[in-house]
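The values are calculated or read from the model by the stated rules, or taken from the named source; none is laboratory data. Every value quoted in this text rests on a predicted model; they were computed, and no experiment measured them. Here the Cβ positions follow ideal geometry from the backbone for every residue, glycine too, while neighbour counts run over all protein chains shown. These accessible areas exclude ligands, DNA and RNA; they are computed on the full protein's heavy atoms, side chains included. Shrake-Rupley method; radii C 1.70, N 1.55, O 1.52, S 1.80 Å.
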Amino acid sequence: MADVKVKLEAADVAEIENRIIELCQQLPRGITDQVIQNELPHLEPQHRAMAINRLLSTGQLDLLKSSTGLLYRIKDAQSAGKIKGSDNQEKLVYQIIEDAGNKGIWSRDIRYKSNLPLTEINKILKNLESKKLIKAVKSVAASKKKVYMLYNLQPDRSVTGGAWYSDQDFESEFVEVLNQQCFKFLQTKAEAARDSKQSPMIQRNSSFASSHEVWKFICELGISKVELSMDDIETILNTLIYDGKVEMTIIAAKEGTVGSVDGQMKLYRAVNPIIHPTGIMRTPCGLCPVFDDCHEGGEISPSNCTYMTEWLEF
Amino acid sequence: MTQAEIKLCSLLLQEHFGEIVDKVGTYLLRTGSQPLRLISNDTGTPVDQVKKALCVLIQHNLVSYQLNKRGFVEYEAHHDRVLRILRYPRYIYNAKTLYGDTGELIVEELLLNGKMSMSTAVKKVADRLTETMEDGKAMDYGEVSSTFVRLVDTHFIYRCPAPLESPEGVAAPAPVAPLLSTNEKDMYTVPKLSMIGKGKRRRSSEDDDDTSEQQTKRQKKEADSKEALPDDGIYWQVNTERFHQHFRDQAIIGAIANKMDQVSSEIVRTMLRMSEVTTSSNASHTQPLSSNEIFRSLPAGYNISKQVLDQYLALLADDPLEFVGRSGDSGGGMFVINLHKALATLSSATLESVVQERFGSRCARIFRLILRKRHLEQKQVEDFAMVPAKEAKDMLYQLLSENLVFLQEIPKTPDHAPSRTFYLYAVNTLSSSRLLLQRCYKTVANLIERRLFETKENKRLLEKSQRIEAIIASMQATGAEETQLQEIEEMITAPERQQLEALKHNVNRIDASENQVDETIFILESYIESTSAKH
């Protein structure tokens, strides 16, 4: 028995492996044990397992779990080629990073998933980086946290922060400028509508601008070096809503109308605030930082209040 | 009631009624209802002084009394009424804008005296108006009383509850505290129904007779002392609720005018005026009004066609402000004004304005954002408001420490572990409004303190200038020469004059601010009241 086994191994192992790979290539979606059994009926289960194990360990096959059972699939030659010459640990780390996609993965998470010591992981990561297989990207969420992802991937918005970030720094000035420009645009439109002296209904309707119009205006202004999408502009317009300067309505639009999304169009218009600064804020007490410590007869009191004195002299 | 409120009440009482009334009033505010003896004991004030103070307070409707089960009388102060003293200038000013100088003086007299009979009020006002007029002219009583009647007609003034004249009153057992017997009898016989209605018409007719009888004011003054007044025992007082309703309407109209335009605000004004009588002051909506009705009631000066009016109404109903709502289609469309919603919006606009002024517009953006989205996580706030994470964190914590936003924890697991808990920021307008209201009270108290301080500092100077003015006036009356007058005027040196000017400026400014803060107080109070009435 042992004799037969040795003989088989020596002569046929390569052949069996080739057969399995061929099968996999024929069925790129993956094959099950059953398929191999059907194709190679004379093969003993032991040998089949051995052959598959070898293929798996050399990284030529992927083992997947599906509803019908285990599934073998051939690995694409490219990725197999890339990590050629690496050891198992490197492959493991590479796989973990690959699974993380364009969101990236933190080195500590790699450690949890791979169960390798951190020093080892750092070595592997350095290695892979030097081979240009992976890259480290700084996340905007936490400036000191580096995440790793495959070299050819474009980092996700949640990592880079989208158009509003340059090198993990939030471009608040850029946002502020856009915010002001959008408001200016809407305000001019609203004023023009008010001056048109038409019936109130038309006046209001013409004070609205769709997000597409605002987007076009901003693009033509050319204040932005990066390409802004409509969504980006809508985010800016939303901040104007939270500033209480703009209001939005959604109207139904015919499919295909410029600026409509899913048959909806977002319309924005500039509005005036409903009240002037309220009475209490026109007194020094409204803004006083030591208001709670202020008592007549105390160290801080209305009688010796310097804010009041300045205010009265103003 | 809070410390800030008591402090403010005390200052107001002190300023308007003096030390003793302040002592008694503040004591009552602090302790709740108390009998006379206890007030006297605890405040260390002689009983007759306490009695006088209570008389003043009762006359001004600041204190009410009631019989305890054990048979003694208890006095209770009402802090809300005391705080209204702050609003007196506004009542008077509004009466002036609505009914001219006569209205102003009538309301002023009534406020200053608490309760007054119509005849004395009319007489006094006519006298005062005559004084300001040129020689030879005099204010007609009839004119004054007609203004008075108009004020009553529009519910700005109403009749005080009067003692019921029932035979039982005589037979009532002697009260426990003999000193208070009259009060006690009154107390039991106060009819609440005789506010307006019939009594009012009778009064005006009687008063007309009254005025025709006595032509000039000199004659009248003599008559005063001789004969009892015809409307003795029927007293009138200012209906603050009605004024508040008017203020509320004005605030709504103002908001519409700011947000939309003049014409819209005029339409809303018309709607509010139409529903003044039909809607009770604490209703959450006005009665529905049809567009046809509104069209007919628009002021004559406004040349709006029915079509345009309909457009305006549609716009008003469509606006996200939701002050005006459409309730039906009959009669060309039925419209209501959502009073509660309007107050809530005004109040949150006030809060927003406070955040904006105190913490800057970025913070206001975050505040509005949370207000709109109700509950948000910190990360979401940063993303929506487009504020750098670090700044947003700072601002949120600042708002949190000032109690303008609060933090809602939602644990995923029962152990409340921070890593497995959602932390949601939210705004509670009602509690924030209450908080701000307290701040307003303290602010007004501070302003009053400062004003008192300013006048106290310059007391000597003020007295001097008053003395000199008196001397000049008397010398002018005796016909002194110009040079003499100048000499006396020069007794106030230039720096002193400057100081007086500065003082006047300061006091005026503080006074103006007190009124401004009161506007904020009014909005917040109305909102809190209307919200608590709803639940």
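Remind me, relative contact order of chain B in percent, using alpha carbon pairs under 8 angstrom and six or more residues apart? After rounding, I find 11 percent.
For the residues of A:287-295, the average number of beta carbons from a partner chain within 10 Å of their own beta carbon is 3.
Computing FRET efficiency as 1/(1 + (r/R0)^6) for A:Ser158 and A:Arg29, where r is the C-beta to C-beta distance and R0 is 25 Å, gives about 0.20. Equivalent ellipsoid of the protein assembly as shown: semi-axes from √(5λ) of the C-alpha gyration tensor, largest first, are 79, 32, 30 Å. Roughly what would the spin-label model give for B:Asp153 and B:Arg70, points 7 Å off Cα along C-beta, in nm? Between B:Asp153 and B:Arg70, the label points sit 5.2 nm apart. The GNM of chain A, with springs linking C-alpha atoms under 10 angstrom apart, assigns the highest mean-square fluctuation among A:Ile110, A:Ile124, A:Ile251 to A:Ile251. Diffusion coefficient of chain B by Stokes-Einstein, Kirkwood radius over Cα pairs, 25 °C, 0.890 mPa s: 89 µm²/s. Counting charges near A:Phe291 (Lys, Arg +1; Asp, Glu -1) among other residues having Cβ under 9 Å from its Cβ returns a value of 0.
Going 7 Å from the Cα of B:Thr493 toward and past its Cβ, which residues in region B:455-475 have a backbone nitrogen under 19 Å from where you end up? Of the residues in region B:455-475, B:457-469 have backbone N under 19 Å from the label point off B:Thr493. Please list, short to long, the whole-number percent of alpha-carbon pairs of region B:104-153 in consecutive 5 angstrom bins beginning at zero. Pairs per bin, as whole percents: 5, 23, 33, 24, 11, 4, 1.
Summed over both chains, the accessible area lost when A and B associate is about 4600 Å², using a 1.4 Å probe. The calculated FRET efficiency for the pair B:Ser361 and A:Arg73, based on their C-beta separation and a Förster distance of 51 Å, comes to about 0.35. One quarter of the convex hull surface built on the alpha carbon atoms of chain A amounts to 31.6 nm², the projected area averaged over directions. Positive-end ranking of B:Ser64, B:Val308, A:Ser229 along the dipole of the protein assembly as shown, with charges on Cβ about the Cα centre, is headed by A:Ser229.
When every Cα-Cα distance of region B:50-160 is counted in 5 angstrom steps from zero, the calculated P(r) takes the values 2, 11, 19, 20, 16, 12, 9, 6, 3, 2, 1, 0, 0 percent. A convex hull fitted to the Cα coordinates of region A:85-161 yields 81 cubic angstrom per residue. For chain B, the residue among B:Ile85, B:Ala364, B:Thr478 whose Cα projects farthest onto the positive side of the dipole built from Cβ charges is B:Ala364. For region A:207-223, backbone nitrogen atoms closer than 17 Å to the point 7 Å from A:Lys184 Cα along Cα-to-C-beta are found at A:214-223.
Please report the spacing between the Cα centers of region B:84-126 and region A:171-237 in Å, no decimals. The distance from the Cα centre of region B:84-126 to that of region A:171-237 comes to 52 Å.
Rounded to the nearest 0.05, what FRET efficiency do A:Ile300 and A:Tyr151 have when you use their Cβ-Cβ distance and R0 = 56 Å? Working from the Cβ atoms, E equals 0.35.
Model label sites at A:Lys65 and A:Gln198, defined 7 Å from Cα along the beta-carbon direction, differ in position by 6.5 nm. Can you compute the helix-only [θ] at 222 nm over the protein assembly as shown? Use -39500 (n - 2.57) per DSSP H run of at least 4 residues, normalise by all residues, nearest 500 deg cm²/dmol. Result for the protein assembly as shown: -19000 deg cm²/dmol, rounded to the nearest 500. For the residues of B:253-263, the average number of beta carbons from a partner chain within 10 Å of their own beta carbon is 3. Each Lys and Arg contributes +1 and each Asp and Glu -1, all at the Cβ; summed about the Cα centre of the protein assembly as shown, the dipole is approximately 2640 debye.
Across chain A, the longest run free of exposed loop sites, meaning trypsin sites (Lys or Arg not before Pro) lying outside DSSP classes H, G, I, E and B with no more than 11 other Cβ atoms within 10 Å, spans A:255-314. Rounded to the nearest 20, the Cβ-based charge dipole of chain B about its Cα centre (Lys and Arg +1, Asp and Glu -1) stands at 1920 debye. With a simple spin-label model that places each label point 7 Å from the Cα along the Cα-to-Cβ direction, the separation between B:Gln380 and A:Ser224 comes to 2.5 nm. Per-residue 3J(HN,Hα) values for region B:469-486, derived from phi via the Karplus relation 6.51 cos²θ - 1.76 cosθ + 1.60 with θ = phi - 60°, read 4, 5, 4, 4, 4, 5, 5, 4, 5, 7, x, 7, 7, 4, 5, 4, 4, 4 Hz in sequence order (x marks Gly and Pro). In this Cβ point-charge picture (+1 for Lys and Arg, -1 for Asp and Glu), region A:134-216 has a dipole of about 220 debye about its Cα centre. Residue pairs exceeding 28 angstrom between C-alpha atoms, taken from A:Lys245/B:Lys504; B:Lys341/B:Lys412; A:Lys266/B:Lys412; A:Lys266/B:Lys393; A:Lys103/B:Lys379; A:Lys65/B:Lys412: A:Lys245/B:Lys504; B:Lys341/B:Lys412; A:Lys266/B:Lys412; A:Lys266/B:Lys393; A:Lys65/B:Lys412.
One Cα centroid belongs to region B:1-59, the other to region A:25-61; the line between them spans 99 Å. Our coupling estimate for region A:94-107, obtained by passing each phi through the Karplus curve with A = 6.51, B = -1.76, C = 1.60 and θ = phi - 60°, is 4, 5, 4, 5, 4, 5, 5, x, 7, 7, x, 9, 7, 4 Hz, Gly and Pro reported as x. Sorting the Cα pairs of region B:241-337 by distance into bins of 5 Å, from 0 upward, gives 3, 14, 26, 28, 20, 8, 2, 0 percent per bin. Sorted from longest to shortest, the spans of the Cα atoms of region A:172-270 along the three principal axes equal 40, 31, 25 Å.
Counting only the Cα atoms, region B:342-427 fills a convex hull of 99 Å³ per residue. Once the 1.4 Å probe is applied to the protein heavy atoms, chain B comes out at 50 Å² accessible per residue. Taking all protein chains as they are arranged and a probe of 1.4 Å, the heavy atoms of A:Thr119 leave approximately 110 Å² accessible to solvent. Within the assembled protein chains, the solvent-accessible surface assigned to A:Val290 is about 50 Å², based on a 1.4 Å probe.
On full extension, the segment bounded by A:Glu176 and A:Thr257 gains 26.2 nm, given 0.36 nm per residue less the C-alpha separation. Averaging the Cα positions of each part gives two centres, and for region B:474-531 and region B:238-296 these lie 35 Å apart. Selection among B:Ile528, B:Met139, B:Leu447 by position relative to the dipole of chain B gives B:Ile528 as farthest towards the positive end (Cβ unit charges, Cα centre).
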